[in-house]
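The values are calculated or read from the model by the stated rules, or taken from the named source; none is laboratory data. Everything quoted here is computed from the prediction, not taken from an experiment. With ideal geometry, Cβ positions are generated from the backbone for all residues, glycine too; neighbour counts draw on all protein chains shown. Surface areas here come from the heavy atoms of the whole protein model, side chains and all, with no ligands, DNA or RNA. Shrake-Rupley method; radii C 1.70, N 1.55, O 1.52, S 1.80 Å.
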Amino acid sequence: MADRHLSFTGTTPGRSTLAAAPALAPLLARGALRSPFKRPSPEADFPRTRLVLPGLRVDLARLAAYERVCGFATGSPDGTDALPVTYPHVLGFPLAMRLMSGRDFPLPLLGLVHTSIEIVRRTGLPATGEYELAVHIEGLAPHRRGTEATVVTELRADGAVAWESRSTYLARHRTDGTGEPPKEPSAPLPVLAEWRLAENVGRRYGAASGDRNPIHLHPLAARLFGFPRAIAHGVWTVARCLAAHGVPEATVVRARFRAPVLLPGTVLYGADGVRRFELRGSEGQLHLCGEVGAVGSSP
């Protein structure tokens, strides 16, 4: 793959322009092989490169598969409908993996936990549009259970940022135990739907998104990381909730992942109207909590 790397100084990310999106499978394998040699710490250095992919166009067949598995209304065959609010995360994920699988990323890819995502969409994104995609690592921060990295993804249309997200990823390691404890879950929201999730949801989402992390695909792989069965992709759970919840064209979405969803399984989708949503297990365990707000609103 041809790319152009420009030097950088200080904390300003240097630009590396890609000719095409990198393949995910080799990056996942590379990150797994390098994981035992990583020494995570919030004081560690991290890659300052800003990966940029210009001239991006969406594969409409893959988009339709994504919409089906996530529950979004499938767009028209000519792609005149807008992208689902979560879809640019899928487009940016290979670039994020290229950064996080590199030697200079200090957190091990194996066992890395996606803990939150915040999305800002400023305008509708036509499926047939041409975009510039950019991804960089914003920084590292201490967490009471380890070190968290923040990854920023931007989608530009006509030179302006039309969509951006911030995802946090946690590497667990020994700490002194200090740090802000998680907020206690609020009372359950009104249950609006019960979803019975098939065993193959992870494989279907992996095929549509390209994210074929083995813990989402097969129970044997999931057991290596302490899960009794395969677990659903976290961003799939957000997308599935938002497909049911609905979001305005200009919106802010914030979600935190609280516990993995085992496959197969039954979950309860709850919401309080236009703002808060959640996903709980049939026994009440909170898997995901989130909210939808206006652009510029505070958490």
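Flag not set for Ser186, criterion: under 18 Å from the mean Cα position of the chain (by Cα) and among the polar types (S, T, N, Q).
Is it fair to say Pro248 is touching a His at 6+ places or on another chain (Cβ under 8 Å), open to solvent by 10 Å² or more (accessible area, probe 1.4 Å), without any contact (Cβ under 8 Å) to a residue 60 or more places away in the chain and of a type outside the set (Lys, Arg)? When the stated conditions are applied, Pro248 does not pass them. Counting the residues of the range 27-55 that are under 19 Å from the mean Cα position of the chain (by Cα) and farther than 25 Å from Arg172 by Cβ gives 4. Residues in the range 145-178 that are within 16 Å of Glu43 (Cβ to Cβ) and loosely packed, with under 14 Cβ neighbours inside 10 Å: Arg174, Asp176, Thr178. Just one of the listed residues (Ala65, Ala61) is of a type outside the set (Asp, Glu), without any contact (Cβ under 8 Å) to a residue 60 or more places away in the chain and more than 30 Å from His143 (Cβ to Cβ), and it is Ala61.
Every listed requirement among (1) surrounded by fewer than 22 Cβ atoms within 10 Å (Cβ to Cβ); (2) in contact with a Ser or Thr (Cβ under 9 Å, 6 or more places away or on another chain); (3) part of a strand (DSSP E or B) is met by Glu132 save one, (2). Restricting Thr237, Thr175 to those that are within 17 Å of the chain's Cα centre (by Cα) and under 26 Å from Arg145 (Cβ atoms) reduces the list to Thr237.
Residues being modelled with pLDDT under 95, over 23 Å from Pro36 (Cβ atoms) and not β-branched (Val, Ile, Thr): count how many of those fall in the range 73-110. Of the residues in the range 73-110, 8 are modelled with pLDDT under 95, over 23 Å from Pro36 (Cβ atoms) and not β-branched (Val, Ile, Thr). Tell me, yes or no, whether the range 31-44 has at least one residue that is basic (Lys, Arg), surrounded by fewer than 22 Cβ atoms within 10 Å (Cβ to Cβ) and outside any helix (DSSP H, G or I). Yes, the conditions are met somewhere in the range 31-44.
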